[in-house]
Every structure is written in structure tokens, then in C-alpha cells.
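Below is one structure, written out as C-alpha cells, with a few remarks after it.
The values are calculated or read from the model by the stated rules, or taken from the named source; none is laboratory data. In this text, all values refer to a predicted model and were calculated from it rather than measured experimentally. Cβ placement follows ideal geometry from the backbone for every residue including glycine, while neighbour counts extend to all protein chains displayed. Areas reflect the complete protein model, heavy atoms only, side chains present, ligands, DNA and RNA absent. Shrake-Rupley method; radii C 1.70, N 1.55, O 1.52, S 1.80 Å.
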Amino acid sequence: MDRKELLKLINHFKNVEDGIEKLRPELQGSKYYYVYVERKINIDKDGNARIVSVREFLPIFSGISEDYISLKYKDVKGISYSKLNYIRRENLLSREKLNSEAEIQQDKNQLLIRMKFLPPLRVGDKVRIKYTVRIKGFVSEGENINTVQVASFTYYLKLLIYLPKRPKRAEVYKVTFGDNDIISKIPLGRDEDYNFVVNDTMIKFEIYRIAFSAYSVIWEI
């Protein structure tokens with residue numbers, strides 16, 4: 001998303017705050033508009049993983065001074081390392097660099113990333129956060145799965161999985177939540193809104209303009 005598109009979106013958020021416009025329907029119930037989300041997973045021959053995640057988002061409303069990201073890793077041997085690489089905050093209108101802080105707290109197989117913003121976030125700010133986790137026993141023989149839950153509107157999501165050898169199979173599924181959850185398989189290849197590629201030992205899945213769904217990559221090596 002280029003700067004012109006971002007500024008147009010921020011202008012919409014300002015008009016919503018001022019009561020001039022109604023919030024776009026797909027953004028209802030969200031605190032943030034995620035411009036960019038990336039998860040890169042490198043898996044070694046022993047099944048351990050290094051996961052690097054990046055999130056870039058805009059507040060839809062002003063006033064958030066604290067928030068958190070909760071991550072839970074089920075059925076793994078343990079988290080051996082976690083690090084906050086950085087958190088950056090900039091106002092796209094004034095180009096001013098603003099204060100933001102974050103820390104990682106670990107409890108067994110669960111991580112909590114606490115973020116603080118002083119002054120509180122305001123419409124026009126953009127936040128980018130990057131963190132790294134190393135996990136023992138992330139994958140096992142047979143079928144493995146990694147899922148990303150999209151709880152706010154996201155313009156661009158990318159998942160990259162690097163395996164120690166070419167997978168026997170790799171699939172992606174979308175789960176849309178509602179009264180009756182809908183599970184649909186996403187075929188290999190490129191479409192208007194997504195790109196799903198298996199290239200030797202790499203699985204790549206990219207998708208645009210999404211909200212309130214989960215995307216699961218399933219593979220077997």
C-alpha cells in the first residue's frame with residue numbers, strides 16, 4: 001500500500017472520528033487496520049523452528065495507550081528464546097517519530113508482548129513491530145499445521161515456511177467464522193487476491209484484503 005492510499009485511509013478515519021462519515025463495514029469491530037503482517041518460519045532437520053514476525057498497523061480510533069499481543073504454541077517442547085527486535089511509531093501526517101515501548105513476557109509455551117504508547121495512539125500514526133521466537137519440537141513426523149488468526153482487517157498477509165526438505169504435500173485452508181464455520185481449501189497458484197507457491201523446500205502464501213478469518217498451512221515432510 002503506497003503513501004497516497006494510506007493518507008486516503010487516514011482521512012476516512014479522521015472523518016469517522018469527527019462524525020462526518022460512517023466507518024467502512026469491513027472495519028466494524030476492529031481497533032486496527034493492519035497494513036502488513038508477515039510470519040517467516042525456518043525449520044531445521046530436528047524439527048526446531050525460528051519464527052520471525054512483523055506487524056504494521058494503523059489505529060482506527062485515537063486514544064489507545066496500552067495493548068498486547070498474545071501467542072500460544074500448543075504441543076511443542078518449549079520456547080528456547082524470544083526477543084523483541086523493535087517497535088517503531090511514526091505519524092504519517094507530520095512524519096514525527098513518537099514514543100512506543102514493548103516487552104516480551106514468557107510463561108511456559110505462551111508469550112505476551114505488551115505495548116505502551118505515550119502519548120496515546122492517534123489517527124494518523126503507524127506502528128511497526130518485529131519479534132523473534134525459537135521453539136523446540138515445533139514440528140514432528142507426519143502432518144504439521146501452522147495457523148494465523150486474522151481478527152482485524154488486514155491489507156496484506158504473508159506466510160513463509162522453510163523446511164529441511166521438500167514436503168510430500170502442502171495445503172492451505174481458510175476458516176471463516178460465523179454461525180456455521182466455513183472451511184475452504186485454497187488451490188495452488190495465483191489469483192487476484194492470493195498467491196500460494198511451493199518451491200522445493202519453501203512454502204509461500206500471500207493474501208490481500210482480508211478480515212475475521214483463519215488461514216492454516218498444512219504440510220507433511
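Hey, can you tell me all the residues within the range 10-37 that are within 17 Å of the chain's Cα centre (by Cα) and either open to solvent by 80 Å² or more (accessible area, probe 1.4 Å) or not polar (S, T, N, Q) (or both)?
Those that are within 17 Å of the chain's Cα centre (by Cα) and either open to solvent by 80 Å² or more (accessible area, probe 1.4 Å) or not polar (S, T, N, Q) (or both): LEU27, LYS31, TYR32, TYR33, TYR34, VAL35, TYR36, VAL37.
Going by what's in this entry, would SER80 be described as over 21 Å from the mean Cα position of the chain (by Cα), within 18 Å of GLN106 (Cβ to Cβ) and either in contact (Cβ under 8 Å) with a residue 24 or more places away in the chain or open to solvent by 50 Å² or more (accessible area, probe 1.4 Å) (or both)?
When the stated conditions are applied, SER80 passes them.
One residue is enough: does the range 123-142 have a residue meeting the conditions in contact (Cβ under 8 Å) with a residue 24 or more places away in the chain, open to solvent by 60 Å² or more (accessible area, probe 1.4 Å) and among the hydrophobic types (A, V, I, L, M, F, W, C)?
Scanning the range 123-142 turns up no residue that is in contact (Cβ under 8 Å) with a residue 24 or more places away in the chain, open to solvent by 60 Å² or more (accessible area, probe 1.4 Å) and among the hydrophobic types (A, V, I, L, M, F, W, C).
Which residue out of LYS40, LYS45, LYS74 is over 14 Å from SER152 (Cα atoms), assigned to a strand (DSSP E or B), open to solvent by 20 Å² or more (accessible area, probe 1.4 Å) and not aromatic (Phe, Trp, Tyr)?
LYS40
Among the residues of the range 100-112, are any crowded, with 16+ Cβ neighbours inside 10 Å, in contact (Cβ under 8 Å) with a residue 40 or more places away in the chain and touching a Gly at 6+ places or on another chain (Cβ under 7 Å)?
Within the range 100-112 (the criterion being crowded, with 16+ Cβ neighbours inside 10 Å, in contact (Cβ under 8 Å) with a residue 40 or more places away in the chain and touching a Gly at 6+ places or on another chain (Cβ under 7 Å)), the answer is no, since none of the residues qualifies.
Out of all the residues in the range 10-28, which are aliphatic (A, V, I, L, M), in contact with a Phe, Trp or Tyr (Cβ under 9 Å, 6 or more places away or on another chain) and not in a loop (DSSP other than H, G, I, E, B)?
Those that are aliphatic (A, V, I, L, M), in contact with a Phe, Trp or Tyr (Cβ under 9 Å, 6 or more places away or on another chain) and not in a loop (DSSP other than H, G, I, E, B): VAL16, LEU27.
Of all residues in the range 126-164, which are in a loop (DSSP other than H, G, I, E, B) and within 23 Å of ASP46 (Cβ to Cβ)?
GLY137, PHE138, VAL139, SER140, GLU141, GLY142, LEU163, PRO164
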